[in-house]
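Since the structure comes first, as structure tokens, the remarks are kept for the end.
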């Protein structure tokens with residue numbers, strides 16, 4: 001009797017161990033993220049270890065529609081509905097690095113979209129205030145951020161981000177994920193001295209720019225050609 005029980009224990013124990021050892025979807029996704037960071041970021045010019053760490057941790061696939069999840073870690077933007085996209089992973093990392101975010105910083109994001117960029121900033125220890133002009137996207141992003149534990153670090157509201165968020169200003173950094181024809185003056189004015197505004201600018205031909213506020217004014221530099229969805233609302237009216 002005890003021998004039979006012992007054999008059954010070994011059989012079921014072995015099955016249990018094999019089942020446990022079988023790769024899970026979570027493991028697969030983690031490998032995809034590590035591969036994404038290695039091939040798309042470290043192999044290029046992203047060097048900030050905190051940016052790389054956040055990109056390894058935030059589950060990008062949970063910020064895209066289910067039909068797009070097989071492509072979540074590809075080196076390209078993806079549609080998220082309402083004629084909007086989630087940015088290419090490399091661009092998210094680049095903009096985050098250019099913002100020079102530190103733990104405890106207050107960061108304004110204009111264009112919440114899927115909520116992925118906000119999650120990356122929150123993972124780095126920032127307090128994020130994010131504005132999205134498309135109400136269904138704002139609601140979905142807020143729900144996703146709360147479900148993943150970022151709700152206390154990210155405040156999302158629906159509105160036109162052209163004017164920024166004056167009641168929460170000044171900000172250590174501002175990250176804009178839609179392209180206005182010209183840099184909105186209200187965003188520059190809501191930067192702290194030493195803070196950085198990272199923003200794509202232009203119509204069809206766009207450049208990613210960094211505006212740094214100094215004690216004497218503003219310093220602007222152009223980083224790279226990019227392609228973002230246009231900033232809507234007041235930016236287009238002007």
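Nearest 10 degrees is fine. How inclined is helix 25-36 to the longest principal axis of the chain, computing both from alpha carbons? Value to nearest ten degrees: 40. Extending 7 Å from Cα along the Cβ direction at residue 205 and again at residue 139 yields two label points whose distance is 4.2 nm.
Find the centroid of the Cα atoms in segment 89-144 and in segment 178-238, then give the distance between the two in whole Å. For segment 89-144 versus segment 178-238, the Cα centre distance is 16 Å.
For residue 155 and residue 26, compute 0.36 nm times the residue count separating them, minus their Cα-Cα distance, and round to one decimal in nm. Present the calculation step by step, with values, prior to reporting the outcome.
Numbers: separation 129, 0.36 × 129 = 46.44 nm, distance 2.72 nm.
Working it through step by step, the gained length comes to 43.7 nm.
Output the antiparallel fraction of DSSP beta bridges having both residues in the chain, as a percent to the nearest 5. Beta bridges within the chain, antiparallel portion: roughly 50 percent. Once the mean of 1/r is taken over each pair of separate Cα atoms and inverted, segment 112-230 shows a Kirkwood hydrodynamic radius of 14.7 Å. Model label points for residue 182 and residue 76, set 7 angstrom from Cα along the Cα-to-Cβ axis, are 3.6 nm apart. What the Kirkwood sum gives for segment 2-237 is a hydrodynamic radius of 18.8 Å, with every pair of different alpha carbons counted.
Quick note: the coordinates plus some simple rules give every number you see, no bench work behind them. Not measured: the values here are computed from a predicted model. Here Cβ is always computed from backbone atoms with ideal geometry, including for glycine, and neighbour counts include all displayed protein chains.
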